[in-house]
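Here the structure is laid out as structure tokens; the discussion comes afterwards.
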Amino acid sequence: MGTSRTSKCPYIDAGVFAYPLSHTTTNRMILTAQKLGFDGLIIREPWSHDTRHSSLSSSSLSFRSLPVSIPQNFFVIYGRVYSALPQRELKRAMQTKESPLQQLPTLHIIDAGDTAYNRWVLTTPGVSILSRMYAAPRQAFDHICAKSAAEHGICVDINLRALISKGALRQKALRQYENMVTLARKYEFGLTISSGAKGYLGICTPREIQAICSLFGMDEDMVAHALSAPFSLLYPHRPVRYVMRECDDREGEE
């Protein structure tokens, strides 16, 4: 699997963690991912209740290490992660602004729960990605969830870090991912793929991702579409070359 800055499928790792949530700075994560053949990263951080009271909260610390200039034609996306929030609180949390991060595009990522919770999340405006399905109960993502994800343009994440552990946890993750891939083929909702890396050594190459994803039934085209899904979430129905051109024009103006 190759990659090109002007290809139809820019490869974006949908979930890594930077300092202080890992031992690697945001800058090092970006440079490593670019060297390995990626066109972008989603840097994930958990949303904190402290953001209600302070514009500079603990959830923005890792972005203090952002480089002065992000590499040209490389997408750095802020992934705000929400876990186990009730409906009213989740909607309010997604509406809060964090001034240090306004220069970055943001995707809202919700950790999966039981079936009822997932069905509700997948009809909530503003949600981009349903994550941590490997930790959800069995059958927590059913055909109703699949239809809702397709109808509302919400992607479901495949976190490769869940496959590192051995034994029952790994087998559960593989079963969940097999089910998600089967439903994705039938109902045509989007998938994303995240390394879950908590250090630059944990980032996989696109070719390694292809080999891992073949274990639960994803072919090369499906993997390519999943790696490009974050771009499609940010810029639906827009060709890559036009977005790149706009980015170049803004840099020229600066």
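The values are calculated or read from the model by the stated rules, or taken from the named source; none is laboratory data. Just so it is clear, the model here is predicted, and its values are computed rather than measured. A quick note on method: Cβ atoms are made from the backbone with ideal geometry, for glycine too, and the neighbour counts reach across all protein chains shown. These accessible areas exclude ligands, DNA and RNA; they are computed on the full protein's heavy atoms, side chains included. Shrake-Rupley method; radii C 1.70, N 1.55, O 1.52, S 1.80 Å.
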Next item on the list: Could you check how many residues of the range 116-152 are open to solvent by 20 Å² or more (accessible area, probe 1.4 Å), under 18 Å from Leu191 (Cβ atoms) and of a type in the set (Val, Ile, Thr)?
Entry: 1
Note to self: Between Arg28, Arg52, Arg88, which is modelled with pLDDT of 90 or more, among the charged types (D, E, K, R), over 22 Å from Ile158 (Cα atoms) and out of contact with any His (no Cβ under 9 Å at 6 or more places or on another chain)?
What the structure shows: Arg28
Note to self: On the basis of being open to solvent by less than 10 Å² (accessible area, probe 1.4 Å) and at pLDDT 80 or above, does Ala18 make the cut?
What the structure shows: yes
Next item on the list: Give the range 21-33 a look and list any residue that's part of a loop (DSSP other than H, G, I, E, B) and open to solvent by 20 Å² or more (accessible area, probe 1.4 Å), or say none.
Entry: Leu21, His23, Thr25
Check: Could you list, in sequence order, the residues of the range 156-175 that are closer than 20 Å to Arg207 by Cα, open to solvent by less than 20 Å² (accessible area, probe 1.4 Å) and touching a Gly at 6+ places or on another chain (Cβ under 9 Å)?
Finding: Asp157, Asn159, Leu160, Ala162
Notebook entry, point to check: Out of (1) out of contact with any Asp or Glu (no Cβ under 9 Å at 6 or more places or on another chain); (2) surrounded by 13 or more Cβ atoms within 10 Å (Cβ to Cβ); (3) modelled with pLDDT under 95, what's the single condition that is false for Glu178?
Noted result: (3)
